[in-house]
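Read the structure below first, then the notes.
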């Protein structure tokens, strides 16, 4: 009789342990976003783990013989843990891990800002160099092409280029 009571107490412990294991999954889901497909895979792996865990335990302790009181012990331990400890466990560790991630993101955000500023600075330098090089080439062509022209002639030539297609031909 004492052996069965010991197995029943262990079953209660196993049920509570399985609920706390699932709570770790819930905490990870609260802290880090999971897709529904990934959550389904996690649940499937969890239930496979539960079945293997209980099978190995009962095989070692009771020679693989399943008794009703072992299932009742797992169920009782699971419900007791789920109602009493589980909500506080999940809430506390979710809060704790979110704060830890928030603190860890501070240096990461600083690094992101530095990289962003370096990229924008390099882009500005590249743009400045490109405009100076292109501006010089255009400027050189204009100066060599328009040597000796007065400002009035330049204005008339520009007006002719802009209104070339709009004036009626005579």
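Nothing in this text is a laboratory measurement; each read-out follows from the coordinates by a stated rule. Bear in mind the structure is a predicted one, so any value in this text is a computation, not a measurement. Counting neighbours? That spans all protein chains shown, and the Cβs are built from the backbone with ideal geometry, glycine included.
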Cβ-based exposure ranking for 82, 88, in which fewest neighbours within 10 Å come first: 88, 82
Sorted by Cβ neighbour density within 10 Å, fewest at the top, the residues 50, 81: 50, 81
Residue 24/residue 84 FRET efficiency (R0 22 Å; Cβ-Cβ; nearest 0.05): 0.80
Full-stretch length increase - residue 130, residue 98 - with 0.36 nm per residue and alpha-carbon distance subtracted: 6.9 nm
Rough spin-label spacing in nm, given labels placed 7 Å along Cα→Cβ, for residue 38 and residue 119: 2.3
